[in-house]
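Have a look at the structure below, then the notes.
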Amino acid sequence: MEENRKKIEPSGKFEFPVLQDNSSCCGGDIAPKKEPCSPPCLDQDFVSGSIATPQGNIPRVSSTLTRQDQWGTIKARLGAGRMSYAIDPGLYALGKPDEQSPVLVTANYKMSFDYLRQSLPSHNAWILVLDTRGINVWCAAGKGTFGTQELIDRIETSGLKNVVRHREIILPQLGAPGVAAHLVRQASGFRVHYGPVRAEDLPAYLDSGFRATADMRIMSFPLKDRVVLIPIELLAAARPYFFAALLFMILSGILGPSGFLKNILHDGMFVAGALLLAVAAGTVLLPLLLPYLPGRAFSVKGLFVGLVVAVGLIYMRGMNLQIWAERVQALAWVLIIPAVSAYLGMNFTGCSTYTSLSGVKKEMRFALPMEITAGSLGIAAWMTSAFLA
């Protein structure tokens, strides 16, 4: 370590030596005890080596994702291990950074980390990863884990001051709600720059000297971003749907006018299909049609698309509204389907910048009671229609 320090002092710029080992310095005594060293472990599967710095061996990563990285993203998108898809917080080296290379800050949700490094194929940089409990930047900023104190603490524990000569760090714009830049500068000496919203704009932002265009500051929620959310929402709703459909089919067999099996084939299968349409309305149609649906609240958008689906279902079923039993059954689906789609639609509030944390809380206060009431009345109406039949 003393040799490395001697190399820093006489020269204006140098490159830290790249080590192609995979040994971990976690818990080691490479740095002085007065300046604690806590680099991430080097045995993480995405780490390709290390760079020796005055602060110890810093894990080195590539901007090229491996098949294992890509498979991990797919699994996380499908909900498998999503809540534990995290990496060690601390300082990482992207490419071959030196003491003048930029410092980018992100969350320890691995998908966020991967998107960041993948967007910089021809750049050398330091990546400071905050401990956000495996949550992405935007959500973590709202929850407080991507916050001022965590950033200050991570700058200190990573020994960043010993690794770079400059005192500038770049945070993602979506992390701004959780960080007070002036407090970070007071406590650490590092000036905070807020980078572009999209990681793909980072190369242009860095090459222009930390200058963002107006387009870089605008957050959109295009179709492709909405579509990738559909699989995980569908999978999350699959288990509740299965149990609800099974229960309704059994009740159809018991309460229907004919024999148990005949009732299930005639009415139970229809009920299962109706519930599936309700799920599809809230998890598929809503994200696809989001910009075109009326209302600002996601529950209102889900309510609207659910009503359209319910009316279409009644029409396709050919319900005779002159008969009381079918009239009550139609009312049941007009209540149940919008209630389900509105509830499922609210899940997208955590995936979009259409809403704020305070807006989500306000929406839940009025929407949840209405959805529960409508769903309960719909079930009661459906059971009544079965008795009337």
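The values are calculated or read from the model by the stated rules, or taken from the named source; none is laboratory data. Since the model is a prediction, treat every value here as computed from it, not as a measurement. As a convention, Cβ positions derive from the backbone with ideal geometry for all residues, glycine included, and neighbour counts pool all protein chains shown.
Wholly within the range 256-334, which helices (runs of 4 or more DSSP H) include no fewer than the required count, namely at least 2 residues that are farther than 30 Å from Lys224 by Cα?
Fully inside the range 256-334 and qualifying: 260-263, 269-280, 298-317.
For the range 230-247, indicate whether the set of residues that are in contact (Cβ under 8 Å) with a residue 40 or more places away in the chain, under 28 Å from the mean Cα position of the chain (by Cα) and outside any helix (DSSP H, G or I) is non-empty.
No, the range 230-247 has no match at all.
Please determine whether any residue of the range 341-362 is free of Cβ contacts under 8 Å to residues at least 24 places away in the same chain and surrounded by 15 or more Cβ atoms within 10 Å (Cβ to Cβ).
yes
Can you find even one residue in the range 282-304 that is among the aliphatic types (A, V, I, L, M), in the same structural domain as Glu371 (by TED's automatic domain parsing) and closer than 29 Å to Gly256 by Cβ? Reasoning before the result, please.
From the range 282-304, those among the aliphatic types (A, V, I, L, M) are 284-286, 288-290, 293, 297, 300, 303; that's our starting set.
Imposing the further condition that a residue be in the same structural domain as Glu371 (by TED's automatic domain parsing) reduces the set to 284-286, 288-290, 293, 297, 300, 303.
Next, from what is left, pick out any that are closer than 29 Å to Gly256 by Cβ: none.
Among the residues of the range 282-304, not one is among the aliphatic types (A, V, I, L, M), in the same structural domain as Glu371 (by TED's automatic domain parsing) and closer than 29 Å to Gly256 by Cβ, which makes the answer no.
Evaluate the range 316-337: report whether one residue or more is surrounded by 16 or more Cβ atoms within 10 Å (Cβ to Cβ), farther than 27 Å from Ser220 by Cβ and in contact with an Asp or Glu (Cβ under 8 Å, 6 or more places away or on another chain).
Yes, some residue in the range 316-337 is surrounded by 16 or more Cβ atoms within 10 Å (Cβ to Cβ), farther than 27 Å from Ser220 by Cβ and in contact with an Asp or Glu (Cβ under 8 Å, 6 or more places away or on another chain).
Among the residues of the range 63-121, which ones are in a loop (DSSP other than H, G, I, E, B), among the hydrophobic types (A, V, I, L, M, F, W, C) and in contact with a helix residue (DSSP H, G or I) (Cβ under 8 Å, 6 or more places away or on another chain)?
Hits for the range 63-121 are Leu65, Leu78, Ile87, Leu120.
If I ask for residues that are surrounded by fewer than 14 Cβ atoms within 10 Å (Cβ to Cβ) and in contact with a His (Cβ under 8 Å, 6 or more places away or on another chain), which ones from the range 189-209 would you list?
Scanning the range 189-209 gives no hits.
What tally of residues in the range 120-147 results from selecting those that are within 25 Å of Met83 (Cα to Cα) and either of a type in the set (D, E, K, R) or modelled with pLDDT under 95 (or both)?
Narrowing the range 120-147 to residues within 25 Å of Met83 (Cα to Cα): 127-147.
Subset that is either of a type in the set (D, E, K, R) or modelled with pLDDT under 95 (or both): 131-147.
So the count comes out to 17.
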